[in-house]
Amino acid sequence: MNKRLVLGTLLLTAVLAGCATGDGGLPDVRVGAGAPLPVGAQDPAPSASAAPGAAQNCDPRASLRPPASLPAANGMPSGGTLAAIQARGKLIAGVDQNSYRFGFRDPLTGELSGFDIDIAKQVAKAIFGDENKIQYKTVTSATRIDAVRNGEVDLVVETMTMNCERWQQVSFSSEYFTAGQRVLVHRGSGITGMDGLAGKKVCAAAGSTSIRNIAAHAARPVPVAVAGWTDCLVMLQQGQVEAVSTDDSILAGLAAQDPNTEVVGDAFTVEPYGIAIRKENADLVRFVNGVLENVRTDGTWTRLYRTWLTALSTDTPTPPPAKYQD
Ligand code: GLU
């Protein structure tokens, strides 16, 4: 047995031991509602944090047009954001470490890995000719906008939905992935979507569009907010919530970590993902969009999809087209 298989088996065994629900003849050892809550869990979520934001009139997908050609690596134009990053010697990227397949810590390597991490690496490669000239700072759905605005990070690549309310606070790159919100439940629960969750606790990350969409759903589920997506999985396993609801992309990663759970129902929102960048740094937005143009057209996007996301779809994946406001 090779090392990867051994570790994978150990991890799977640990998962099954912690949360088996009887599927496949395993004993149900769910911990029950008496178990401690994950740090920072809010049950129910405070209504202010889950309230729908003011509707803004904008095209959330429209970003800034990239230059006709990108500067060569290590030749960033002087005086701007890119020259400052080049002088620093590394790109600082805000990422998730709790989204399996998008941004997660690989237990085999100890490295942050996933589709979002590899997209961030493409930007570092374009600036430095070296995808490893990058420093990651882990952020959550609730902390990432401040991290961008304070300049703690140059950009955030974290399953982040482009919407008009967020455009008021940060700029976004062009869309690099499209998700939609669905529901994760215990396998065999009989729940087939949000409509079956009236009055039931449904978990999502604080600061996400998901927690708001739960609060706003006509079925009137009870939103429960946590810091990260794996906290939601733990609460589901411990019987503290009935379901998790967020992007299908993230739910697929949770379901892969616990085979006793399943994603149900159709997507009921559209969540276009963009890279968040400080509003003042329009030069970086345009540069990143140039990088994403190449990622879309030179086969990189398809390669990254195949590496990380094949489990999401059996269709031949195509990157979302870029839209520009100017
Ligand atoms: N895409 C949603 C959002 O941006 C949920 C995932 C996340 O929070 O990263 O709020």
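The values are calculated or read from the model by the stated rules, or taken from the named source; none is laboratory data. Because the structure is predicted, anything quoted here is derived from the model rather than measured. Positions of Cβ are generated from backbone atoms using ideal geometry, with glycine treated the same way; all protein chains shown enter the neighbour counts.
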**Asked** Does the stretch 265-275 contain any residue that is on the phi > 0 side of the Ramachandran plot, surrounded by 18 or more Cβ atoms within 10 Å (Cβ to Cβ), in contact with a strand residue (DSSP E or B) (Cβ under 8 Å, 6 or more places away or on another chain) and in contact (Cβ under 8 Å) with a residue 24 or more places away in the chain?
**Response** yes
**Complete:** Note on the stretch 178-188: residues surrounded by fewer than 24 Cβ atoms within 10 Å (Cβ to Cβ) and more than 14 Å from the ligand (Cβ to nearest atom) are 186, 187, 188
**Message:** For the list (1) surrounded by 23 or more Cβ atoms within 10 Å (Cβ to Cβ); (2) out of contact with any strand residue (DSSP E or B) (no Cβ under 8 Å at 6 or more places or on another chain), I need the number of the one condition that residue 299 fails.
**Reply:** (1)
**Prompt:** So which of 151, 129 is at pLDDT 95 or above, within 27 Å of residue 303 (Cα to Cα) and of a type outside the set (D, E, K, R)?
**Reply:** 129
